[in-house]
Each structure stands twice: as structure tokens, then as C-alpha cells.
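Report on the following structure.
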Amino acid sequence: MRIAPNPFEGVDSPAYAGVSVPGTIGGKMKTAAVIVLTLGLGLGVGWAQPQEKAVSPVIETGSTVQLEYTLKDDGGKVLESNRGRGPLTFTQGEQQIIPGLEKALNGLRAGDEKHVTVKPEEGYGPLDPAAQTEVPKGMLPPGALVVGTELIAQSPQGGARLVRVKEVKESTVIIDLNHPLAGKTLYFDLKVLGVDPPKK
């Protein structure tokens with residue numbers, strides 16, 4: 001059986017000096033060596049191709065969002081934070097958080113961080129001096145008869161809201177119906193932990 005001639009046989013090349021293949025003469029470049037070299041280059045090109053990074057969805061109406069937040073007042077005092085605890089999970093656009101915060105989150109992705117200032121008009125509203133009611137002392141537990149105590153009040157419609165003891169009189173108690181953060185500018189440090197796209 002005759003083997004087809006090697007097209008590289010008899011070609012001396014300084015680049016391949018010393019390369020020999022079993023069954024060859026004098027270190028001449030052989031087909032087997034060329035094939036190995038070609039495969040090696042082909043693999044190298046394949047490894048060099050960058051992999052596309054998956055892009056996380058943006059926050060939009062209907063997105064399920066997991067949020068880490070720290071809330072501060074004008075003086076920088078921390079009023080509330082869930083850092084190091086479970087995330088705040090909500091559906092964007094369902095008015096489950098205050099309007100100013102919801103607006104600031106639109107377009108963000110998982111991993112994004114943002115500092116947000118929310119004015120009272122887009123937070124818990126302005127302070128309403130007339131938003132108070134007077135109730136008999138007997139309606140409150142004894143331990144709540146202290147100015148500043150926060151209570152959960154339930155409306156006739158079944159809704160719940162946070163209220164505070166404003167004044168304790170001889171037989172009655174003045175309840176402030178404003179949210180404790182009403183009338184205040186709020187400062188949030190936010191980090192988006194996760195975003196799930198709206199359900200179709």
C-alpha cells in the first residue's frame with residue numbers, strides 16, 4: 001500500500017527546527033506535527049471568546065423586588081433598617097411602599113445601590129394638626145398610657161394604621177392619627193437584592 005506524499009516533506013524551516021515525528025527523517029516538518037499545531041491554535045481561539053453575561057431584569061410595574069434599606073432622619077439618625085436581616089419584598093406599582101420610594105426604584109437592577117431623599121408629599125404626607133381623636137383611658141391597655149406610645153388602630157373598614165399617644169388626661173387619652181413619619185423628609189440608603197420580572 002502506498003501512502004500519499006506529504007506536501008511538507010523536504011521543507012526545512014528554522015521555526016520547526018528539532019521537531020521530529022517517529023518515522024521521519026532528519027527532523028523535517030511532517031503532517032502529524034502540523035495537525036497537532038493547528039488543533040492547538042483552534043482550541044486557543046475558542047477559549048479566548050468571552051462569554052456573554054446575563055443581564056438581570058429592571059424594576060418595572062409588576063416586578064417582584066427584594067430590597068435592603070436603611071432609613072435616616074434629617075440628623076442622620078437611623079430610624080429603621082433591615083440590613084443583616086430578611087429583605088423587604090414587594091410588588092412594584094401596587095402601592096405597597098411609599099410613592100417616592102417606588103418612583104426612585106424604577107429602572108434599577110439587582111445589585112444596584114442608591115441614596116434617595118423623599119419629601120413628605122411623596123412619603124407619609126404632611127402633618128395634619130386636626131388628625132387626632134380623644135378616647136377613654138379604658139380603651140387602652142395600662143402599659144400604653146404613656147406619651148409617645150405607638151399603637152395599631154383598626155378602622156371600621158378593617159384597615160390598620162400606626163398611631164401615637166399624644167396626651168394623657170385624667171380620664172381620657174388624646175391619640176395622634178398622623179403617621180409617626182408624617183411631615184418628615186426621609187433619607188433612604190437602598191440596595192436591590194433581587195428582581196423578578198412581572199408575571200404574564
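Counting only residues that are within 23 Å of residue 91 (Cβ to Cβ) and not aliphatic (A, V, I, L, M), give me the strands (runs of 3 or more DSSP E) lying completely in the range 113-200 with at least 1 of them. Give the steps one after another, and end with the answer.
Values: elements: 113-118, 132-136, 150-154, 160-168, 172-176, 186-196.
Because the criterion is at least 1 residues that are within 23 Å of residue 91 (Cβ to Cβ) and not aliphatic (A, V, I, L, M), the strands (runs of 3 or more DSSP E) in the range 113-200 that meet it are 113-118, 160-168, 186-196.
Any residue in the range 75-96 that's of a type in the set (Gly, Ala, Ser): show its pairings with residues that are assigned to a strand (DSSP E or B) at Cβ separation under 6 Å, as long as the two are six or more apart or on different chains.
These pairs meet every condition: 81/70.
What residue, of 140, 151, 101, is farther than 23 Å from residue 183 by Cα and either within 28 Å of the chain's Cα centre (by Cα) or outside the structural domain of residue 192 (by TED's automatic domain parsing) (or both)?
Within the list 140, 151, 101, the selection yields 140.
Only one of 173, 168, 163, 195 is over 26 Å from residue 68 (Cα atoms) and buried (at least 18 other Cβ atoms within 10 Å of the Cβ). Can you tell me which? Explain how you work it out, then say what you get.
Working: 168 fails: buried (at least 18 other Cβ atoms within 10 Å of the Cβ); 163 fails: over 26 Å from residue 68 (Cα atoms); 195 fails: over 26 Å from residue 68 (Cα atoms).
It is 173.
Condition test on residue 186, is it in contact with a Gly (Cβ under 9 Å, 6 or more places away or on another chain) and closer than 16 Å to residue 97 by Cα?
Values: in contact with a Gly (Cβ under 9 Å, 6 or more places away or on another chain): yes; closer than 16 Å to residue 97 by Cα: yes.
Considered against the rule, which asks whether it is in contact with a Gly (Cβ under 9 Å, 6 or more places away or on another chain) and closer than 16 Å to residue 97 by Cα, residue 186 comes out as yes.
Only one of (1) surrounded by 12 or more Cβ atoms within 10 Å (Cβ to Cβ); (2) closer than 26 Å to residue 68 by Cα; (3) not assigned by TED's automatic domain parsing to the domain that holds residue 77 is not met by residue 92, so which one is it?
(3)
The values are calculated or read from the model by the stated rules, or taken from the named source; none is laboratory data. Because the structure is predicted, anything quoted here is derived from the model rather than measured. Cβ atoms come from the backbone with ideal geometry, glycine included; neighbour counts cover every protein chain shown.
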